[in-house]
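Below: the structure, in structure tokens.
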Amino acid sequence: MSHPPQPEKPPEDVMEAYVGLDEEAARARAATRGWAHVRALPPGAIITMEYLVGRINFTVEHGRVTRAWPG
């Protein structure tokens with residue numbers, strides 16, 4: 001399985017614009033903004049902290065994004 005090419009720097013985007021969107025709309029916005037990977041997580045999820053250029057992370061609660069951050 002091939003992986004999408006990794007960008008050298010994260011796309012220019014406004015993280016606050018994702019807060020309040022439903023998960024599907026947030027994923028669609030991320031795709032149009034050039035994010036190669038989207039990671040949606042429940043509140044309080046235990047995650048690895050490695051930084052991945054081209055990835056956007058969402059905390060999703062009750063189907064809505066409550067936090068977004070790059071990496």
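Among Thr32, Thr59, which comes first, then next, by fewest other beta-carbon atoms within 10 Å?
Ascending number of Cβ neighbours within 10 Å: Thr32, Thr59.
Chymotrypsin sites (Phe, Trp or Tyr not before Pro), restricted to the chain: which are DSSP loop and have at most 13 other Cβ atoms within 10 Å?
Qualifying residues, ordered by number: Tyr51.
With θ set to phi - 60°, apply the Karplus curve 6.51 cos²θ - 1.76 cosθ + 1.60 along segment 12-27 and write out the HN-Hα couplings as whole Hz, x wherever there is a Gly or Pro.
6, 7, 10, 4, 5, 5, 7, 5, x, 6, 6, 4, 4, 5, 5, 4
Could you check the spin-label model distance between Leu52 and Thr66? Points 7 Å from the Cα along Cα→Cβ, value in nm.
2.3 nm
How many percent of DSSP beta bridges within the chain run antiparallel, rounded to 5?
Values: 7 of 12 bridges.
Restricted to the chain, the bridges split so that about 60 percent are antiparallel.
Per DSSP H run of at least 4 residues, take -39500 (n - 2.57); add these up for the chain, divide by its residues and hand me the 222 nm value, nearest 500 deg cm²/dmol.
The per-residue figure over the chain is -4500 deg cm²/dmol.
Can you sort Asp13, Asp22 from fewest to most other Cβ atoms within 10 Å of each residue's own Cβ? The partial results should precede the final answer.
Working: Asp13 17, Asp22 13.
Placing the least packed residue first, the sequence is Asp22, Asp13.
Quick one: which residues, 5 or more positions from Val60 or on another chain, have an amide H under 5 Å from its amide H? H modelled 1.01 Å from N in the peptide plane, none for Pro or chain starts.
Leu41, Thr66
Each residue of segment 56-66 in turn: what ³J(HN,Hα) in whole Hz from Karplus with 6.51, -1.76, 1.60 and θ = phi - 60°, glycine and Pro shown as x?
10, 10, 10, 9, 10, 10, 6, x, 10, 6, 10
Could you give the size of the charge dipole of the chain about its Cα centre, using +1 on the Cβ of each K and R and -1 on the Cβ of each D and E, expressed in debye and rounded to the nearest 20?
60 debye
Under 8 Å for C-alpha pairs, at least 6 residues apart: give me the relative contact order for the chain, rounded to a whole percent.
Numbers: 113 pairs, mean separation 26.9, N = 71.
It comes to 38 percent, rounded to a whole number.
All of the numbers you see were taken from the coordinates with simple rules; none came from a lab. This one's a predicted model, so the numbers in the text were calculated from it and none came from an experiment. For neighbour counting, all protein chains shown are included, and Cβ atoms are generated from backbone atoms with ideal geometry for every residue, glycine included.
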